[in-house]
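Below: the structure, in structure tokens.
The values are calculated or read from the model by the stated rules, or taken from the named source; none is laboratory data. What you are looking at is a predicted structure, and each value in this text was computed from that prediction instead of being measured. Virtual Cβ from ideal backbone geometry, glycine too; neighbours counted across all protein chains shown. Each accessible area value is taken on the protein alone, full model and side chains, heavy atoms only, with ligands, DNA and RNA left out. Shrake-Rupley method; radii C 1.70, N 1.55, O 1.52, S 1.80 Å.
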Amino acid sequence: MNVREVGGFLCHDGRTRTHRFIRSGSTSGLTKADARELWSYGVRSVLDLRGQDEAMNSPETLCELLDVAYLNVPFFDYDITDQVLNKGDGAGGYVADTYFQMLANYGAVKQAFSFFASQPERSCTLFHCGAGSDRTGIMSMLLLGLAGVGRSDIIADYAYSFGYIPEVNAALFEATAASGNKVRAELKMRIDAISVVYDRMVEHYGSIPQFLEQSGVTDGELRVVRARLLG
């Protein structure tokens, strides 16, 4: 299910708070015991980033087991391209191209953050897609960027879906990586892709909070979500 915390990351104001946002893959395999565990953890709302057909063919299991708020916001459900970000130069490969299309879906970004902001102050929101790696990874990047988490940790959070923690940490943080220690090809491709996406966002918008503002997320919503991430 690829479940993990968005809390615990270093940022300008300390660390992101646990029990506020968790990311995962599909919940279709959850048992009643799993649902009770998530409820005990504080989960009271679910943001489903899958396409409408995915959500229809595999309904949200958590909502069948618990009384939680639910919203389906297809993050990548139609063919859209942000010409500002996607320069068509192939940087980052097809994975980065797909992520640029997700980020061009301003309506979905706005809906997602409005939903986050509308939840009870100290509750926990679970957000997921199918595998919990691509659409979920981009949404996690936006949340961590709003909290002020640094570039390397944001890239690591994404890459943990594609490699073991020691493998990712060695590729990103250890001196052996810089000295030519071989990084597995798929993991390197993923790290390169998210690096291109992050850097191009910052280059064009100035920061992730500024990107969120451009997407239509209000100042009030940004303050509420940031406070949940940090307080």
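Over the chain, what relative contact order in percent results from Cα pairs under 8 Å that are six or more residues apart?
27 percent
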Residue-normalised accessible area of the chain, expressed per residue, 1.4 Å probe, Å²
45 Å²
Rounded to 5, the percent of DSSP beta bridges in the chain classed as antiparallel
25 percent
Just to verify a number: FRET efficiency for Val95 and Ala33, C-beta to C-beta distance, R0 = 30 Å, to 0.05?
0.30
Kindly rank 193-202, 112-121 from highest to lowest mean number of other beta carbons found within 10 Å of each residue.
193-202, 112-121
Residue-wise HN-Hα coupling along the stretch 29-38, computed from phi with Karplus coefficients 6.51, -1.76, 1.60 (Hz; x: Gly, Pro):
x, 5, 9, 4, 5, 4, 4, 4, 5, 5
What residues qualify as long-range amide H neighbours of Cys11, i.e. H under 5 Å apart, gap of 5 or more or another chain, H built at 1.01 Å from N?
Thr16
Rounded to the nearest Å, the spacing of the alpha-carbon centers of the stretch 89-134 and the stretch 6-62 is 13 Å
Can you list residues whose amide H is under 5 Å from Thr27's amide H, if they're 5+ apart or on another chain and H is modeled 1.01 Å from N?
Thr61
Read phi for every residue in the stretch 126-138 and hand back ³J(HN,Hα) as whole Hz from Karplus 6.51 cos²θ - 1.76 cosθ + 1.60, θ = phi - 60°, with x for Gly and Pro.
9, 10, 7, 10, x, 9, x, 10, 8, 4, 5, x, 5
Which residue fluctuates most in the GNM of the chain (Cα springs below 10 Å): His19, His128, His204?
His204
Net charge within 9 Å of Cys124 by Cβ-Cβ distance, Lys/Arg positive one each and Asp/Glu negative one each, not counting Cys124 itself?
+3
How much of the accessible area of the chain, probe 1.4 Å, is carbon plus sulfur, in whole percent?
51 percent
Take each of the peptides 28-39, 134-145, 211-222, average the number of other beta-carbon atoms within 10 Å over its residues, and list them starting from the highest.
134-145, 211-222, 28-39
